[in-house]
Amino acid sequence: MTQKSTRRDVLKLAGAATAATVAPTIATAQSAGGVVVIGAGFGGATAARYLRRAGVSVTLVEQNSSFSTCPFSNTVLGGINNFSSITHGFGGLRREGVNVVRGRVNAVDPDAKSITLDGGDTIAYDRLIMSPGIDFKWDAIEGYDEAAAELMPHAWKAGSQTNILRRQLEAMPDGGVVAIAPPGNPFRCPPGPYERASLIAHYLKTEKPRSKVLILDAKDSFSKQGLFQAGWAELYGDLIEWVPFSEGGNVARVDPATNTIFTDFDEHKVDVANIIPPQRSNRLVDTAGLADGGDWCPINQTTFESTIHANIHVLGDASIAGRMPKSGFSANSQAKVCAAAVAALLAGNDPASPSFINTCYSLVAPDYGISVAAIYRIIEDGTIAPVAGAGGVSPSDAPASTRALEADYARGWYASITADMFG
Amino acid sequence: MSPIKTMVAGTFGAALLALPVTLPAAADETAPANLANACAGCHGTDGISPGPTPSINEISEEDMIALLTAFKNDEAAVTMMNRIAKGYTDAEIAAIAAYFASMM
Ligand SMILES: Cc1cc2nc3c(=O)[nH]c(=O)nc-3n(C[C@H](O)[C@H](O)[C@H](O)COP(=O)(O)OP(=O)(O)OC[C@H]3O[C@@H](n4cnc5c(N)ncnc54)[C@H](O)[C@@H]3O)c2cc1C
């Protein structure tokens, strides 16, 4: 989209705001504040959609013309689905009345209550909701910068990175080694690297059976570990090798020119190197100091309003949301609570008490699904914590039929949550 | 009706119908919409599922209470709902059931 149409969208918003001031007797115009949402991903698209459903006028600013989900991107790497099947347009949101503006936000100004886009346009807000996701700490692994990521892809944001990694897997000869290097906690999608190892192993077992997946981990344990390792033993034998931190898994340095990974103890020259670097909140939050000098944004966990600046709400991966993991499901669940709180605050009401759910389904193979779930509430200290006695992981002794059902329900989850985000 | 629903409604529905259902006081409890909207992550917006997960938008209040109570008490063979339903009090289950029923 060109700069011209961005301006047109922005003007449309200004027009709507004017209509509200000249026609204050219309009930919806009175109650509709100008809410601006940044990011049309799991948190932002959901927040925009649920605010519209509550009758609030919303402008959603997104830098890309469509959204490709990280969830199910591992099935693209495994050759099970096409990239187009994980890409979603914004037509449904527009039809429901969300003003979707394409633009990259450069700065947030909490005093002027406005945001600035590439090209200089500004958009004013009454309340701002930010769900901009993550950025990488490029300095953390020696030699791993943005240029290195073109050769040793992270594929931890879905898009061209996903396609680079898939092409490398396709080009790799039988007998090759694929290294996956997951970071320490906290990071986006704790079970994600291990689902990735599984689905790459599924592809290799079928197409290049003499190959190997080597996980060089910065941790000594990981999400759903028992279930993953049992599934790996059952389906892939010794095709997947996991090297924990304490046995020299931690990646200290990489040399992209020779595809070499240097761990604390060892050196691995591999055929495909998937380096997943440590993460922090999207750097856009720094333009308003919303991470307070840390990696993630502190918030009031009931309303998601920043504890640094009033009228700015931060949710999803970028926020500190108590004990909820950084997942798409968490961001979707938080967005609905945040949208309800913002609608209440705009109407001068008290926000209601929240309740959240997170579930992470993982595919160990296309017909082998496992999951972890939790229900979350606000506890006395004001933070989000799981409800004791609920949730947990899939049973360790389940028959193949249960694993197959959970794989179907994983696909059901994907269909439902993307419909909940984009209409 | 799904097999689970038939099974649970048949076993527990009749007994439950005889019990008085008390709804929680709306104000200081978790808002019913906040409870029910979280279900949409798996069951779709307003409980209308586009994929293999069952839709839950056309379940009567009584059946919903019976189903969620059975899941909570491990009285139905399921993959997920036993873990989910344990996160809600009986009053919250009643509020969720009333919320979905009010949209029918
Ligand atoms: C391989 C992998 C598998 C995963 N699998 C699962 C799974 O199965 N289940 C699950 O629940 N989660 C999963 N996740 C995690 C999930 O992808 C994230 O937790 C989720 O995307 C977080 O949502 P968000 O709204 O915080 O950020 P995002 O979804 O990343 O959305 C951020 C949006 O903001 C936009 N944006 C950023 N900066 C700007 C700017 N300056 N101007 C304009 N727009 C901007 C971006 O373009 C993007 O569209 C997975 C992640 C990975 C990497």
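Computed from the coordinates by the stated procedures, all read-outs in this text should not be read as laboratory data. Please read these numbers as outputs of a predicted model, since none were measured by experiment. Because the Cβ atoms are built from the backbone with ideal geometry, glycine has one as well, and the counts that use them run over all protein chains shown.
With the simple spin-label model, which puts each label point 7 Å out from Cα in the Cβ direction, the A:Ala344 to A:Thr122 separation comes to 3.2 nm. Pairs A:Lys137/A:Lys326; A:Lys224/A:Lys336; A:Lys137/A:Lys219: which exceed 20 Å Cα-Cα? Over 20 Å Cα-Cα: A:Lys224/A:Lys336.
Each of A:Lys157, A:Lys336, B:Lys72, A:Lys137 was scored by other Cβ atoms within 10 Å of its Cβ. Listed from fewest to most, they are A:Lys137, A:Lys157, B:Lys72, A:Lys336. Inter-chain neighbour count for B:76-83: the average number of beta-carbon atoms from partner chains within 10 Å of each residue's beta-carbon is 5.
Model label points for A:Arg104 and A:Gln225, set 7 angstrom from Cα along the Cα-to-Cβ axis, are 3.9 nm apart.
Based on Cα atoms of segment A:305-423, Rg over Rh with Rh as the Kirkwood radius reads 1.04.
Estimated purely from DSSP H runs of n ≥ 4, each contributing -39500 (n - 2.57), the mean residue ellipticity at 222 nm for the protein assembly as shown is -10000 deg cm²/dmol once divided by its residues.
Centroid-to-centroid, using Cα positions, segment B:68-89 and segment A:244-303 are 38 Å apart. Using equal-weight Cα scatterers in the Debye expression, the normalised intensity of segment B:27-101 in log10 at q = 0.12, 0.13, 0.18, 0.27 Å⁻¹ is -0.29, -0.34, -0.67, -1.49. Each of A:His154, B:His43 was scored by other Cβ atoms within 10 Å of its Cβ. Listed from fewest to most, they are A:His154, B:His43.
Counting beta carbons within 10 Å around each of A:Lys269, A:Lys208 and listing the fewest first gives the order A:Lys269, A:Lys208.
In this Cβ point-charge picture (+1 for Lys and Arg, -1 for Asp and Glu), the protein assembly as shown has a dipole of about 1340 debye about its Cα centre. Taking the Cα centre of segment A:139-279 as reference, the dipole from Cβ charges on Lys and Arg (+1) and Asp and Glu (-1) amounts to some 520 debye. Measuring r between the beta carbons of A:Asp266 and A:Ser396 and using R0 = 41 Å, the FRET efficiency lands at 0.80. Comparing A:Met172, A:Met152, A:Met324 in a Gaussian network model of chain A where C-alpha atoms under 10 Å apart are linked, the largest mean-square fluctuation is found at A:Met172.
Applying 1/(1 + (r/R0)^6) with r as the Cβ-Cβ distance of B:Ile48 and A:Arg94 and R0 = 25 angstrom yields a FRET efficiency of 0.75. Computed on the Cα trace of the protein assembly as shown, the radius of gyration divided by the Kirkwood hydrodynamic radius gives Rg/Rh = 0.98.
Between A:Asp139 and A:Arg377, the contour length at 0.36 nm per residue exceeds the alpha carbon distance by 82.1 nm. Applying 1/(1 + (r/R0)^6) with R0 = 56 Å to the Cβ-Cβ distance of A:Ser85 and A:Phe245 gives a FRET efficiency near 0.95.
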